[in-house]
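Everything below concerns the one structure shown next.
Where a number appears in this text, it was derived from the coordinates with a stated rule and is not lab data. Values in this document were obtained by computation on a predicted structure and should not be read as measured data. Note that we place each Cβ from the backbone using ideal geometry, even for glycine, and neighbour counts take in every protein chain shown.
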Amino acid sequence: MYFTSSISAIIDFFNFSNDCPAPNHVTLIARNQIQSPNFEFRQTVRKPPGTPLIRYLESAADQDSNFKFNATYFPSPLGYSIGCIHGLAGIWTPDRTWWKILGSDGQGLQLGVSSYVPEDNEVITFEFTKGGHCE
Ligand code: B12
C-alpha cells in the first residue's frame, strides 16, 4: 500500500515537471443502507482536471468490480443516468428507489454523471435512496 502510493506520488511529480496538469484524486463511494444485503465500497481514482464524473466511475469499475454499473443515455444535455450499481437497480415504479449522487458536502448534485466535473480531493457518494426528489 505504502509502496504503491509512493510510486503514484513519483508519477504525479514527473507529470507535473512535464507541464502535464497534476491529476485530480477523487474518491467514489457506492453505498446501500436501505436494502438487504447492505454494502459500501470505496475507490480512489485519478483523472486529469476537467474529466466528467462518468469517466471516474468507469475507472472505479475497472479497478474494483464491486463498482460495476449500468447507465441509460438520455439525449443531451442530460447524458447518462446511473440505473444499477453492484447489481442493485433503482426501480422508480413502484418502489421509488434510485441511485442518488451526493457531493463532498453530502448534498445531492444538481448535475448528472455526464455533466458534473469533480474537483481534486472530492468525495462523491452514490447512495441507494428511496423516495425523495432531485429538485
Ligand atoms: C423526476 C426527476 C427525477 C426522478 C426520475 C424518476 C422517474 N424515472 O420518473 C429521479 C428522482 C430518479 C431523478 C434523479 C436524478 N435527477 Co432528476 N429530475 C427529475 C425531474 C424533476 C423531472 C423529469 C421528468 O419526469 N421529465 C418528464 C419526462 C416525460 O421526460 P423524460 O425525458 O422521459 O424524463 C426522464 C429523464 O429526465 C430522467 N431523469 C431524471 N433526472 C435525471 C437526471 C439525469 C442526469 C439524467 C441523465 C436523466 C434523468 O428521468 C425521467 C423519467 O424517465 C427533472 C427536472 C425537470 N423539471 O425536468 C430533474 C432533472 C432532470 N434531474 C436532475 C438531476 C441532477 C438528477 C440527479 C443527478 C440528482 C442526484 N443528485 O442524484 C439524479 C440522477 C442520478 C443518477 N442515478 O444518475 C437535473 C439534471 C440536470 C443536468 N443537466 O444534469 C434536473 C434537470 C433537475 C435540476 N437539478 O434542474 N430525477
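Odds and ends about this structure:
- Subtracting the Cα-Cα distance of Gln63 and Gln35 from 0.36 nm times their residue separation leaves 7.6 nm of extension gain.
- Note, ³J(HN,Hα) from phi for the stretch 59-72, Karplus 6.51, -1.76, 1.60, rounded to Hz, x at Gly and Pro: 5, 4, 5, 5, 7, 8, 5, 4, 8, 3, 9, 10, 9, 10
- Difference of contour (0.36 nm per residue) and Cα-Cα distance, Cys84 to Arg42: 13.5 nm
- Only the Cβ atoms of Lys and Arg (+1) and of Asp and Glu (-1) were treated as charged; on that basis the dipole of the stretch 28-135 about its Cα centre amounts to roughly 200 debye.
- Intensity falloff of the stretch 21-130 expressed as log10 I(q)/I(0), Debye formula with alpha-carbon point scatterers, at q = 0.20, 0.23 Å⁻¹: -1.07, -1.42
- Judged by the mean number of other Cβ atoms found within 10 Å, the most tightly packed of the peptides 75-82, 112-119 leads the ranking 112-119, 75-82.
- Each residue, Val123 and Cys20, gets one label point 7 Å from its Cα in the Cβ direction; the gap between the two is 2.8 nm.
- Projected label distance in nm at Ser76 and Asp105, using a 7 Å step from Cα toward the beta-carbon: 2.9
- Extension gain from Lys130 to Asp95, taking 0.36 nm per residue of separation minus the Cα-Cα distance: 11.9 nm
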